[in-house]
Number of protein chains: 2
Amino acid sequence: MFSKACEYGIKAVVYIAKKSLDNKRVKLNEVAKNTGSPVAYTAKILGLLTKENIIHSVKGPYGGFEIDTNQMKNISISQIVYAIDGDDIYNGCALGLSSCNATEPCPMHEHFVKIRSELKHMLQNTSIYELANKLKSGKSILVR
Amino acid sequence: MFSKACEYGIKAVVYIAKKSLDNKRVKLNEVAKNTGSPVAYTAKILGLLTKENIIHSVKGPYGGFEIDTNQMKNISISQIVYAIDGDDIYNGCALGLSSCNATEPCPMHEHFVKIRSELKHMLQNTSIYELANKLKSGKSILVR
DNA sequence: AATATTTAGGACAATTTTATCCGAAATAGA
DNA sequence: TCTATTTCGGATAAAATTGTCCTAAATATT
């Protein structure tokens, strides 16, 4: 469904968000360890997410990554997916047709748009804040 | 969502099904051309689908691929996806956790199972027969 | 200013997926 | 039986994704 990069990205953001709720800035190594992701690859992804202003980074000693707690409720999973995987999941044809729409649909179009709009809706309405709190309260895990 | 191989596979099966409804057996080259897929790669996929008994093949002159018209209503898209992409789309965790379930869920689990069960349901309840007819009647296309 | 820490970013490597090529096996027709 | 046709299957190649490594840049502390 999502690329590995995107899975790592979502987990990293949720972990950083959880720590930010406790006013803790986290370092790359800690993120990688607590999300079960390869360190250097995670660095790449965090770099991208920083550039996209989804997370904030601070260099040097006592530096690391953090997310503004006020902004957190307004950041959706959809934004992370879009930043990393692009909009294929929202607009791409199930069968890979370069253009597929209601007037010239692939055979699955009708069935597919329904599922996809629900997926889109879900991703847009799920905030980082919600997921971070699930993690904080022990209701969910990031690594296994 | 699906791999390229899977997209090619679904399109190929739908095309073969449509021709089978007209009692026409189709050759590899015709399948590839009419689905906009690379010939040799399509051959690989058709080989797999033949082994899985989703389609039937005949070697030699006047040979090609076909699908039993009686069986066609009982073949779902889900079977093709499973044969080519495996069951990741049905059972894999959205964030890639090796085991993720209601008792030890990833933060997205709850939201994700809902979407996924609808996807699963859709794939299981969409038959090759239905899609082949959409194509035959000109209501849909396979290449663009 | 010097040092230690930490992110940033580019080059490179490994793996997986996608795609091609070619000869073998099967089979219909002459 | 010979030939042409067509799928089958293994080897190989190309491209994309995933992953590593190393140096530069920034910055807090001393």
Taking A:Met122 as the residue in question, decide whether it is within 14 Å of chain B (Cβ to nearest Cβ), of a type outside the set (Gly, Ala, Ser), within 18 Å of the chain's Cα centre (by Cα) and surrounded by 14 or more Cβ atoms within 10 Å (Cβ to Cβ).
yes
Subset of region B:23-71 (residues that are in a loop (DSSP other than H, G, I, E, B), within 11 Å of DNA strand D (Cβ to nearest atom) and touching a strand residue (DSSP E or B) at 6+ places or on another chain (Cβ under 9 Å))
B:Arg25, B:Lys27, B:Ile55, B:Gly63
Please specify each residue of region B:26-56 satisfying the condition of being more than 14 Å from every other protein chain (Cβ to nearest Cβ), more than 16 Å from the chain's Cα centre (by Cα) and within 11 Å of DNA strand C (Cβ to nearest atom).
B:Leu28, B:Val39, B:Ala40
Region A:55-80, residues that are touching a helix residue (DSSP H, G or I) at 6+ places or on another chain (Cβ under 6 Å), surrounded by 13 or more Cβ atoms within 10 Å (Cβ to Cβ) and within 19 Å of A:Met122 (Cα to Cα)
A:Met72, A:Ile75, A:Ser76, A:Ile77, A:Ser78, A:Ile80
Please work out if A:Ser127 is more than 7 Å from chain B (Cβ to nearest Cβ) and in contact with a helix residue (DSSP H, G or I) (Cβ under 6 Å, 6 or more places away or on another chain).
yes
Let me confirm something: among B:Ile10, B:Ile16, which residue is of a type in the set (Val, Ile, Thr) and under 30 Å from B:Ile115 (Cβ atoms)?
B:Ile10
Apart from one, (1) within 13 Å of DNA strand D (Cβ to nearest atom); (2) within 14 Å of chain B (Cβ to nearest Cβ); (3) more than 13 Å from the chain's Cα centre (by Cα); (4) within 15 Å of A:Ile67 (Cβ to Cβ) all hold for A:Ala12; the odd one out is (3)
Within the bounds of region B:86-95, is there any residue that is crowded, with 21+ Cβ neighbours inside 10 Å, at pLDDT 95 or above and in contact with a Phe, Trp or Tyr (Cβ under 6 Å, 6 or more places away or on another chain)?
yes
Being in contact with a helix residue (DSSP H, G or I) (Cβ under 7 Å, 6 or more places away or on another chain) and within 13 Å of DNA strand C (Cβ to nearest atom) is the filter here; which residues of region B:11-25 pass it?
B:Lys11, B:Ala12
Please specify each residue of region B:42-82 satisfying the condition of being aliphatic (A, V, I, L, M) and either touching a Phe, Trp or Tyr at 6+ places or on another chain (Cβ under 9 Å) or within 14 Å of B:Leu21 (Cβ to Cβ) (or both).
B:Ile45, B:Leu46, B:Leu49, B:Ile55, B:Val58, B:Ile67, B:Met72, B:Ile75, B:Val81
Which residue pairs have Cβ atoms closer than 6 Å, lie 6 or more positions apart in sequence or on different chains, and pair a first residue in region B:68-94 that is within 14 Å of another protein chain (Cβ to nearest Cβ) and free of Cβ contacts under 8 Å to residues at least 40 places away in the same chain with a second residue that is surrounded by 13 or more Cβ atoms within 10 Å (Cβ to Cβ) and outside any loop (DSSP other than H, G, I, E, B)?
B:Tyr90/B:Lys120; B:Ala94/B:Phe112
Name the residue, out of B:Ile84, B:Ile77, that is among the β-branched types (Val, Ile, Thr) and within 16 Å of DNA strand D (Cβ to nearest atom).
B:Ile84
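The values are calculated or read from the model by the stated rules, or taken from the named source; none is laboratory data. This one's a predicted model, so the numbers in the text were calculated from it and none came from an experiment. Heads up, the Cβs are rebuilt from the backbone with ideal geometry, glycines too, and the neighbour counts pull from every protein chain shown.
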